[in-house]
Structures are given as structure tokens and as C-alpha cells.
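Chemist: The structure is given below, and queries will be raised subsequently.
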Amino acid sequence: MGSLCRVGAASWGRLVHVSLSALEGALRFAEDLAETDDPADLGRRALPGLHRLIRADVLSYNEFGPEPGQVYYCAYPEGVVFSPARLAAFEAHVQENPLVDHLQNTGDGSPVKISDFLTRERFHALGLYAEFYRHLPVEHQIAIGLPSVDGRVIGIALNRGRGDFTEDDRDLLAVLRAPLVRAMTRARSRHRARQSLSGPAAARAAGLSSRELQLLELVAHGHTNSAIARRLEISPRTVAHHLDHIYRKLEVSSRAAAVYRAVTEGIVALPGNGSGGGE
């Protein structure tokens, strides 16, 4: 059995206990996050590392608000993609999640589990479970909160279909939250510095062609490459080529990061309630 270390990170008002091997993994995790210089990339960088340290079927980085229906997510494994219809169901019921409610009401980002608040029967009775979690499937969830910005609630959730998260998992996640908070704070500072050097969002948007702006809006609205190709009467390969140009111009490396940057800087707007989704 590995050695245990008592770490000065509070989890629900108690001292946490983390094995030496887990603590070493946490240090490597912190090192991996050190180079994050864009808030939009934090989820993409953090989720694989969290997955290596804490067993989970699906992990997600989530931002909610400030207006109802405004949801941004990044999921791991990378093959996990929610359809526009499924994402709309999540947006409609997200406030039923007791972990979101806890973070909004207390501002406490310490690790909490759904089972801290709800029995299995009460969890299954939620519309959120019936319309979204049941299809993944998610039976158990633990989450941490990260510092809010512009009224958005920000958190990372780890999900399992079988076997609830243990107190050891909670303790390790409490330790891992500290480098995540530092990485987010540092990335926001770096992002603000780049913005001050490169000008306002309107000038950044001007670097995109009209076709690129049109394509980026369709991406933000949840359309797949194939659906965009059909709508614009171009090939999927041409869509991918345009996306590569968009990523470079927005200084991002992924589809999710491009949407995040475009929405938060006002380059495109997400569809309102009742808008059509992707194909």
C-alpha cells in the first residue's frame, strides 16, 4: 500500500488524505496546465489529466449563463459529442442539477457529489436524468467549481455509469482544484494581455472572411461539417479547410475553443430558445 500524505486542502471542512503516488500525479497534472494561455483551452488540457488520475466514463468542462440557455461545454473522451437536441434538453433542465445549484448559491467550488444531495430514486425522477443523463449513461457525478467570470457558472464534472465516487476521489479532486484555479487565473490574465495588444473584438472579427463568419456561425449553432457542406453547397473537405483558417485567425486549436472565443467576444451569437439545431 502506498504512503498517505495529509494535504492542507479543505474538502467539506476536513483535512484531505492523498496517497503519495496520487500526489505525484497531481504535481504532473499541475505542470501540464502551466502553459495554458487561453481560458478556452483549459478544459481540453485539463480533462485528459483528470481522467488519468480519477476513473470516470465521461468528463466535461462546463460554463452556464449568464442568460438562460447559454451553455458551453468541452467533453472527454474526445469522441463524446452531444447532439443539438440532446444539448437543448440539458440546457432546459440544467438548473435541476443540485451541484449547479450548490455552486450558484454558495460559491463553494469544493468537490461535491450528486449523492450528497439526492437519493438514486430522486435523481432518476429529475427531467435532467430522463432527458439527458440516462442516455450517456450517468448514474454518479462529482464536480468542482472554478472562479466565475462575467456571471457565468464554471465547473468540471466527472461522471460514471457504475460505482459512485469515493471519499479518496473527493480528496484527490480537492487537491487538483488548486492548480486548475491557478491555471484559469493565469490564462485569463494572458488572454486580457493579448486582447489589449491586438485590439477589440470587432477588429479581430474583421480578419475573417464573410464565408468564414457564415461557417463559424453554423458551427456555433451545432451543425456538423457534413450539414454545413450541404447547406453551403461545398464539400466537407472545403469546410474542414475553412475551419483550419478560422482556428488560426482566432488563435485556437479546436472547434469548441473557436465557438467559445466567437461567442464570448461577440463575433457570433448562439441561437435563442426555439432556434433550429444542427443536423
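Readers should treat all values here as calculations from the given coordinates under stated rules, not as data from a laboratory. Source: prediction; values computed, not measured. Every residue, glycine as well, gets a Cβ built from its backbone with ideal geometry; the counts of neighbours run over all protein chains shown.
Chemist: What's the angle, to the nearest 10 degrees (0 to 90), between helix 236-250's Cα axis and the longest principal axis of the chain?
Modeler: 70 degrees
Chemist: Largest first and to the nearest Å, give the Cα extent of segment 199-264 along each principal axis.
Modeler: That gives 35, 20, 17 Å along the principal axes, largest extent first.
Chemist: So what's Rg/Rh here for the chain, counting alpha carbon atoms and using the Kirkwood radius for Rh?
Modeler: Result: Rg/Rh = 0.98.
Chemist: Which residues' amide hydrogens lie under 5 Å from the amide hydrogen of His140, considering only partners 5 or more residues apart or on another chain, with H built in the peptide plane?
Modeler: Arg160
Chemist: Let me ask something additional. Please compute the contact order of the chain in relative form: average sequence separation of alpha-carbon pairs under 8 Å and at least six residues apart, divided by the residue count, as a percent.
Modeler: The normalised contact order for the chain reaches 20 percent.
Chemist: Here's something else I'd like to know. Residue separation times 0.36 nm, minus the C-alpha to C-alpha distance between Asp150 and Arg230: what's the value?
Modeler: Residue separation times 0.36 nm, minus the Cα-Cα distance, leaves 25.2 nm.
Chemist: Something else: Stretched out fully, how many nm does the piece from Asp32 to Ser115 gain, at 0.36 nm a residue minus the Cα gap?
Modeler: Here the answer is 26.8 nm.
Chemist: Given H placed 1.01 Å from N in the peptide plane, which residues other than close sequence neighbours of Ser19 have an amide H under 5 Å from its amide H?
Modeler: Residues meeting the criterion, in which the H sits 1.01 Å from N, are Cys5.
Chemist: Could I ask something else about it? How much net charge surrounds Arg152 when only other residues with a Cβ under 11 Å from its Cβ are counted (Lys, Arg +1; Asp, Glu -1)?
Modeler: -3
Chemist: For segment 121-129, just list the computed ³J(HN,Hα) in residue order, Karplus coefficients 6.51, -1.76 and 1.60, θ = phi - 60°, integers in Hz, with x standing in for Gly and Pro.
Modeler: 5, 5, 5, 5, 7, 6, x, 4, 6
Chemist: Just going by the charge dipole of the chain, with Lys and Arg at +1 and Asp and Glu at -1 on Cβ, which of Gly107, Pro66, Gln214 is farthest out on the positive end?
Modeler: Looking along the dipole axis, the top candidate is Gln214.
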